[in-house]
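Beneath this line is the structure, given in structure tokens, with notes to follow.
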Amino acid sequence: MRIALFATCIVDAMYPETAKSTVKILERLGHEVIFPKAQACCGQMHMNSGYMPEALPVVENHINAFDTEDYDVAVAPSGSCVASVKHQHPFLAERLGKPELKERAKAVGARTYELTQLLVDVLGITNAAEQLGSYFPETITYHPSCHGMRSLGLGDRQLDLLKTVGGITVNELPEADQCCGFGGTFSIKNADVSSAMLEDKVKNICSTGASACSGGDASCLMHIGGGLSRTGAKPKTLHLADILASTMEETVSL
Amino acid sequence: MSAKDEILGRIRTALADTPVTEEVPREYRTTSTMSQEQLIELLVDRLVDYKAGVEVIEAEQIPEFVASKLKDASSVVYPQGLDARWLSALGSEVELRLDAPGARLSVAELDATSAVVTSSAVSVAESGTIILDGQPDQGRRAISLVPDHHVCIVPVSTIVQLLPEAMPRLSITRPLTWISGPSATSDIELERVEGVHGPRTLDVLMVRGL
Amino acid sequence: MTQVFLGMPAGGQGNLFEQEPFPKAAHRELGNTQMRKNLRHATHSIRDKRLKVVGELPDWEALRNAGSTIKNNSMATLEERLLEFEKNFTARGGVVHWARDADEANKIVTDLVRGTGATEVVKVKSMATQEIGLNEHLESEGIDAFETDLAELIVQLGQDKPSHILVPAIHKNRTEVRDIFLKEMPVVDPNLTDEPAKLAEAARAHLRKKFLAAKVAISGANFALADTGTLGVVESEGNGRMCLTLPETLITVMGIEKVLPHWEDVEVFMQLLPRSSTGERMNPYTSLWTGVTEDDGPQNVHIVLLDNGRTRALADRFGRTALNCIRCSACMNVCPVYERTGGHAYGSTYPGPIGAILSPLLTGIEVEENGSLPYASSLCGACYEACPVKINIPEILVHLRGEDVDAKREKHKLPTQMDLLMKGGSWALGKGKNIGLLEKALPLGRLAAGKDKKIKKLPGIAAGWTKSRDIPAPPNKSFRDWWSDEKESK
Ligand code: SF4
């Protein structure tokens, strides 16, 4: 398959390793990965902050970049950005009275997958150690990010896949389904409530005794990681793509 | 312009984009596959969960069970259409008070009455709900409300599993009272406790052969 | 307070407004540790219960789909539905009144009570009367209104404000309730314990005489059935039955959005509502009445059909599904923001996620007071997932943020920091080339980080972030550049 990588702006700029990991995993499976250079961002931050006219060029840019016949499916290492592409782009187009853009947005959305969605549902990966050679000899815990879990209905796909990584121990996170408090500009506009939510997430992560908390969204992980780091807590954060890409030969270190 | 006209006008303005209606997808369960014994078992389970007293009995046992449930009552109100034989085993010290058209008990009299015996129209096993629809064997609403103890007869033939199965059996424009256990509240820390303003004791006699 | 846009139905009045911006109120409420403990305890236990009873029904999703379609249809044909209801309710001896707004509704009710000669009324919990401030109005007119729902009673006795639509005193724990009863009930056992059963018993004793003597009752309604003219009240304690059965006169105040097309629709909502609200398979009591029944219950039966901003909300085609709400409270029970701030922080009668959309929809978002409500959410989606009528609350929140920004854009001449950030972001993220250009500056970000590779303090509006979180030092090279260098050059 020819797979177009939508890196997402945060991974592109802040966590390039995670995008590289995504490429590695897919190439390991024998697929060809392309990176449409015109891509930038899904526009979620703008939409979620209420800046609709400002979001429009961002959303249009994404649709233009991905509305091509040049690839079979698109993938992003982020449930949140994929949910935005699938649901928010058509909504924005509708809201701004652009029916043609809405149809194109829907078409792009239908071809866009979150990483584990692609791995499990399309590529039939159920055992990361066997099928991807994943190896990560650490104790981790896992936070299911809200948009992947709820908007995309990922269920336990991410967790189940992580559990099949060689050498890994996955400790269950108490109150896992609770939001970490990020919510984009929510963490700025309602910093106090956001911090209170983060505080509980950090506490729960520390209670698992894991050395890392994994998840499928770099933004939530940056938020959680920022809280862990500020409180001097031991656990690190690591995107699940990085864990899946880690092998016996090239083991990712924390 | 009258308030009515103005509000209706606002509605027309608000719906200027003429949203369409859709066929309601009624894909929920509307028919049961349960046997009568399973229905009885389910309803018993639900009512017990609500802390109601429940007995499954034969028709000829009604007088005996009504009497035993009401052994501490000093007075009992019953609606005109109730089968009087059901009260025949009550002790002579229990005062029977008939509530009938033209001979209504006052609220104060009801308040001074220890218990009420009524029949019921239909019961929904899945949710443990007994529905009274004000027929003569159930009486008007006040009599099953004010006395603190309600003995309710549920003929087994009136039990259905699902709420949608109960609907066709109801005459919706009669005053309906749906009862699922004794009065209760969840208002303190969202924990359910039984016994507030409605009858604090609910005894259900589920009767086979009725 | 309300500003009417041309061609837009008027906004609602009454208790629909924030008292202060949400972040400020939230900051204060977060400091109330006892309340936070109480709320956490209550919301967490109800979550588990709800999941359990919802999980029991194999057709839960089918019921949700039916429920949301019925409501959509009802809103799409609201005029016909209301006229049909009016006709049927009237045919059976009921009297229908229409109220454009809170003031008008309050006046209608007051006149009706006056007409009976009563100076006291008993009340069944009703969001609509809370919204219009009926109790306060009656009081100012010399009529005493007694709340009979246990939680409302706690709030009324404690001179407090409701903080939840189902359990208005959810912010109080049992000991606090006991203390309120001891202090405020004229006749009460001084040895009253804080056992919930004992507290319920005290409420029973306190209200018994009121019920038995009441001449007039005021209720809300959970639904009205258009094709039969029937009204329904869903409750637990029997205070509803008392009010709906014993007095001579019954006045119901109901929002116009509560009307359902067909009486069979009850089978859907009576499965959705109890399981979503108290986590029970069914609530203890549900009463349905159709106008007047001779020789049974109140013989003077009235309904006040209330607009108060509902048509305003209906006019918003991206927000109107908020009117589908059946007030179950599931969305607030699962909301991580509500759990931490409590209901008072939302100002309006309607707190939590539904309140954050409904209040501004009813009043109009351009009303400055409600401008911060749509932002009171991390958009985690727990509310949408729990909502029995599938109201996409996160989407409406985002939509209303858009309305808010647009309204402010017109009002303010000078752009705010956020405006500038978003404008800049729009340029930067609007083209792959532009973001690529900016990413060349990533190494600069590394300079901002300390030796430990963390950024600990940001200026301006971003300072909120670094109050409790670090930011990692950015990488040397973006993925985009790595791809050009490593993949494309090979
Ligand atoms: S919005 Fe949905 S979940 Fe919230 S109270 Fe209304 S019906 Fe219940």
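The values are calculated or read from the model by the stated rules, or taken from the named source; none is laboratory data. Values in this document were obtained by computation on a predicted structure and should not be read as measured data. We place every Cβ from the backbone using ideal geometry, glycine too, and count neighbours over all the protein chains shown.
Odds and ends about this structure:
- Failed item in (1) part of a strand (DSSP E or B); (2) within 13 Å of chain B (Cβ to nearest Cβ), with C:Ala145 passing the rest: (2)
- For beta carbons closer than 7 Å, sequence separation of 6+ or different chains, a first residue in segment C:388-405 that is on the phi > 0 side of the Ramachandran plot and a second that is within 14 Å of the ligand (Cβ to nearest atom), the qualifying pairs are C:Lys390/C:Arg64; C:Lys390/C:Ser68.
- Failed item, numbered, when C:Ala473 is tested on (1) out of contact with any Gly (no Cβ under 7 Å at 6 or more places or on another chain); (2) touching a residue at least 24 places away in the same chain (Cβ under 8 Å); (3) within 26 Å of A:Lys201 (Cβ to Cβ): (1)
- Looking only at residues in segment B:5-23 that are part of a loop (DSSP other than H, G, I, E, B) and of a type outside the set (S, T, N, Q), the one that is farthest from C:Asn308 (Cα to Cα) is B:Glu23.
- Qualifying residue in segment C:303-317 (condition: in contact with a His (Cβ under 9 Å, 6 or more places away or on another chain), in contact (Cβ under 8 Å) with a residue 12 or more places away in the chain and farther than 29 Å from C:Gly238 by Cα): yes
- Residue in segment A:67-74 that is of a type outside the set (Asp, Glu), touching a Ser or Thr at 6+ places or on another chain (Cβ under 6 Å) and in the same structural domain as A:Glu17 (by TED's automatic domain parsing) present: yes
- Hey, A:Ile63 more than 28 Å from A:Phe182 (Cβ to Cβ) and β-branched (Val, Ile, Thr) or not: no
- Filter result (of a type in the set (Lys, Arg) and under 12 Å from B:Val124 (Cα atoms)) within segment B:7-47: B:Arg46
- Residues in segment C:267-302 that are more than 30 Å from B:Ala103 (Cα to Cα) and away from the ligand (no atom under 16 Å from the Cβ): C:Glu267, C:Arg281, C:Met282.
- Taking the conditions (1) under 20 Å from the mean Cα position of the chain (by Cα); (2) at the interface with chain B (Cβ under 10 Å from one of its Cβ atoms); (3) buried (at least 19 other Cβ atoms within 10 Å of the Cβ) in turn, C:Leu78 satisfies each one other than (1).
- The one condition from (1) over 21 Å from the mean Cα position of the chain (by Cα); (2) of a type in the set (A, V, I, L, M); (3) crowded, with 16+ Cβ neighbours inside 10 Å that C:Leu83 does not meet is (3).
- Identity of the residue in segment B:175-195, touching a residue at least 40 places away in the same chain (Cβ under 8 Å) and in a loop (DSSP other than H, G, I, E, B), that ends up farthest from the other protein chains (Cβ to nearest Cβ): B:Pro182
- The residues of segment A:168-196 that are touching a residue at least 60 places away in the same chain (Cβ under 8 Å) and over 23 Å from C:Arg28 (Cβ atoms), listed by number, are A:Ile168, A:Gly184.
- Filtered residues of segment A:146-172 (kept if assigned to a loop (DSSP other than H, G, I, E, B) and touching a helix residue (DSSP H, G or I) at 6+ places or on another chain (Cβ under 6 Å)): A:Leu152, A:Leu154, A:Thr164, A:Val165
- Selection within segment C:198-215 - within 31 Å of the chain's Cα centre (by Cα), surrounded by 15 or more Cβ atoms within 10 Å (Cβ to Cβ) and in a helix (DSSP H, G or I): C:Lys198, C:Leu199, C:Ala200, C:Glu201, C:Ala202, C:Ala203, C:Arg204, C:His206, C:Leu207, C:Lys210, C:Phe211
- A count restricted to segment A:1-16 and to residues that are in contact with a strand residue (DSSP E or B) (Cβ under 8 Å, 6 or more places away or on another chain), surrounded by fewer than 24 Cβ atoms within 10 Å (Cβ to Cβ) and farther than 15 Å from A:Pro36 by Cβ stands at 2.
Residue-wise test of (1) modelled with pLDDT of 95 or more; (2) more than 9 Å from every other protein chain (Cβ to nearest Cβ); (3) on the phi > 0 side of the Ramachandran plot; (4) not in a strand (DSSP E or B).
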{"position": "B:Gly139", "(1), (2), (3), (4)": "yes, no, yes, yes"}
{"position": "B:Ile143", "(1), (2), (3), (4)": "yes, yes, no, yes"}
{"position": "B:Pro147", "(1), (2), (3), (4)": "yes, yes, no, yes"}
{"position": "B:Cys152", "(1), (2), (3), (4)": "yes, yes, no, no"}
{"position": "B:Ser157", "(1), (2), (3), (4)": "yes, yes, no, yes"}
{"position": "B:Pro164", "(1), (2), (3), (4)": "yes, no, no, yes"}
{"position": "B:Thr173", "(1), (2), (3), (4)": "no, no, no, yes"}
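- Scanning segment C:185-197 for residues being surrounded by fewer than 19 Cβ atoms within 10 Å (Cβ to Cβ) and part of a helix (DSSP H, G or I) gives a total of 1.
- Flag for C:Leu429 being more than 30 Å from C:Arg50 (Cβ to Cβ), more than 16 Å from the ligand (Cβ to nearest atom) and buried (at least 21 other Cβ atoms within 10 Å of the Cβ): yes
- Taking the criterion of being in contact with a strand residue (DSSP E or B) (Cβ under 6 Å, 6 or more places away or on another chain) and surrounded by fewer than 16 Cβ atoms within 10 Å (Cβ to Cβ), the residues of segment B:75-95 that qualify are B:Gln80, B:Glu95.
- Criterion violated by C:Leu182 - all others in (1) under 21 Å from C:Asn283 (Cβ atoms); (2) in a helix (DSSP H, G or I); (3) out of contact with any Pro (no Cβ under 6 Å at 6 or more places or on another chain) satisfied: (1)
- Matching entry among C:Ile46, C:Ile70 (being within 30 Å of B:Ala14 (Cβ to Cβ) and in a helix (DSSP H, G or I)): C:Ile70
- Qualifying residue in segment C:314-330 (condition: closer than 30 Å to B:Ala100 by Cα, within 16 Å of the ligand (Cβ to nearest atom) and within 11 Å of chain B (Cβ to nearest Cβ)): no
- Against the numbered list (1) modelled with pLDDT under 95; (2) away from the ligand (no atom under 16 Å from the Cβ); (3) among the small types (Gly, Ala, Ser); (4) under 20 Å from C:Val266 (Cα atoms), C:Gly158 comes up short only at (4).
- Only residues that are more than 14 Å from chain A (Cβ to nearest Cβ), more than 10 Å from the ligand (Cβ to nearest atom) and crowded, with 24+ Cβ neighbours inside 10 Å were counted in segment C:344-369, giving 8.
- Members of segment C:380-414 found to be facing chain A (nearest Cβ under 7 Å), acidic (Asp, Glu) and more than 16 Å from the ligand (Cβ to nearest atom), listed by number: C:Asp404
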